[in-house]
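Take a look at the structure below.
The values are calculated or read from the model by the stated rules, or taken from the named source; none is laboratory data. Just so it is clear, the structure is predicted and the values come from calculations on it, not from any experiment. Reconstructed Cβ throughout: ideal geometry from the backbone, glycine too, with neighbour counts over all protein chains shown. To get the accessible areas, we keep the full protein, side chains included, count just its heavy atoms, and leave off ligands, DNA and RNA. Shrake-Rupley method; radii C 1.70, N 1.55, O 1.52, S 1.80 Å.
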Amino acid sequence: MRLRLPKACDLQKLLLAGMAMVATLSCLSHSKCEFAAIFNFGDSNSDTGGFWSAFPAQSGPNGMTYFKRPVGRATDGRLMLDFLAQALGLPFISPYLQSIGSDYRHGANFATLASTVLLPNTSLFVTGISPFSLAIQLNQMKAFKTQVEEHSSDQQESKRLPSRDIFGKSLYTFYIGQNDFTSNLAAIGVGGVKQYLPQVVSQIAGTIKELYALGGRAFLVLNLAPVGCYPSFLVGLPPYELDAFGCSISYNNAVVDYNNMLKETLRQTRGSLPNASLIYVDTSSVLLELFRHPTSHGLKYGPKACCGHGGGAYNFDPKVFCGNTKVINGRTVTATASSDPYNYVSWDGVHATEAANKLVTWAILNGSYSDPPFPFHDFCDLQPLN
């Protein structure tokens, strides 16, 4: 079944229904949930500090909204993964690469900023692509499981490790693929990028099969965001390339093609995973709706970065990224953040704000954007998202 892109009022009703549902269920219980942990695989859209643990250099204004300081997240506050964990009654998921302060009793996060699904053929220090591709993240998961099993009788280690049987009672989430799509756009164009997207979806499906063999039984795969509405990809495009909402027509058409391919591949994969739930989540449609009709959902700005430089329609300058200071044309400029990130969909031209992440999480929890439908309240007494 093809998911219907809702009208603004339809999405508003769904989100309000989701909020009411969570508020009601949270009064019933504060503990029951079939998912004891989350194991996440992804890029900067779900990285909770892995990249900066490996390459310490983070600075503000990331983290300004909720944490009041940089905490390894590429946004002003919380990510969809954070809100999902909160709704399931779990603590924030610790990065696998974070050696100090981590607690893995409720899962681990293998995502890192700039990660790709496919193995990179370049270096972080050349193009900025993370060395921690999906295959590496899978190997880390395997190593993690081995360590849990080896240290299960160690009382000291067990204080921050999950039980041996956690892997069959966990939710495995995927939010990755954006960098595979965008990293080569400038060099080879949409047509060139589309040539290797089948490899991307095949790699995701193969990873899920391997996790199934490790005992995983519940998989949540978020599709590719509408990057054609992201300010960083809109700067410099000619007007004829834009739709009525100011988004790139060709980029978003390619996103739709990729997401259809991903959805079909997961449908085929589902048949080879008995007694498992493999869920495709159309978060792209929710984000697209927010970009097109921000004021219908309590926001003000669509394709405009909250943290950036240059003002104008996009407030994005590729010469100076959010939080950075550079000398341009003999003048020192800094890409700063507005004081009202809660009014924006886009945080820095590439990533969503906490406000947008929260709205998308309502849609995820509702289950209406999932294929097959997957209402989380059937599995957990959902907690309120504050």
Original post:
Which of the residues that make up segment 9-44 are modelled with pLDDT of 95 or more and open to solvent by 20 Å² or more (accessible area, probe 1.4 Å)?
Top reply: 33, 34, 36
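Every residue, every condition in (1) open to solvent by less than 50 Å² (accessible area, probe 1.4 Å); (2) touching a residue at least 60 places away in the same chain (Cβ under 8 Å); (3) of a type outside the set (Lys, Arg), yes or no:
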| site | (1), (2), (3) |
| --- | --- |
| 75 | yes, yes, yes |
| 81 | yes, yes, yes |
| 94 | yes, no, yes |
| 113 | yes, yes, yes |
| 117 | yes, yes, yes |
| 124 | yes, yes, yes |
| 127 | no, no, yes |
Original post:
Residue check: is residue 67 in a loop (DSSP other than H, G, I, E, B), on the phi < 0 side of the Ramachandran plot, touching a residue at least 40 places away in the same chain (Cβ under 8 Å) and among the hydrophobic types (A, V, I, L, M, F, W, C)?
Top reply: no
Original post:
Counting only residues that are open to solvent by less than 20 Å² (accessible area, probe 1.4 Å) and either in a strand (DSSP E or B) or not aromatic (Phe, Trp, Tyr) (or both), how many does segment 156-174 have?
Top reply: 7
Original post:
Counting just the residues of segment 315-344 that are free of Cβ contacts under 8 Å to residues at least 60 places away in the same chain and closer than 16 Å to residue 76 by Cα, which one comes out surrounded by the most Cβ atoms within 10 Å (Cβ to Cβ)?
Top reply: 344
**OP:** Go through 109, 62 for me and flag whichever is in contact with a Cys (Cβ under 8 Å, 6 or more places away or on another chain) and either aliphatic (A, V, I, L, M) or touching a residue at least 24 places away in the same chain (Cβ under 8 Å) (or both).
**Re:** 62
**OP:** Any chance you could count how many residues in segment 268-299 are under 24 Å from residue 379 (Cβ atoms) and without any contact (Cβ under 8 Å) to a residue 40 or more places away in the chain?
**Re:** 3
Subject >> Checking residue 261 against (1) closer than 30 Å to residue 164 by Cβ; (2) touching a residue at least 24 places away in the same chain (Cβ under 8 Å), the condition it does not meet >> reply: (1)
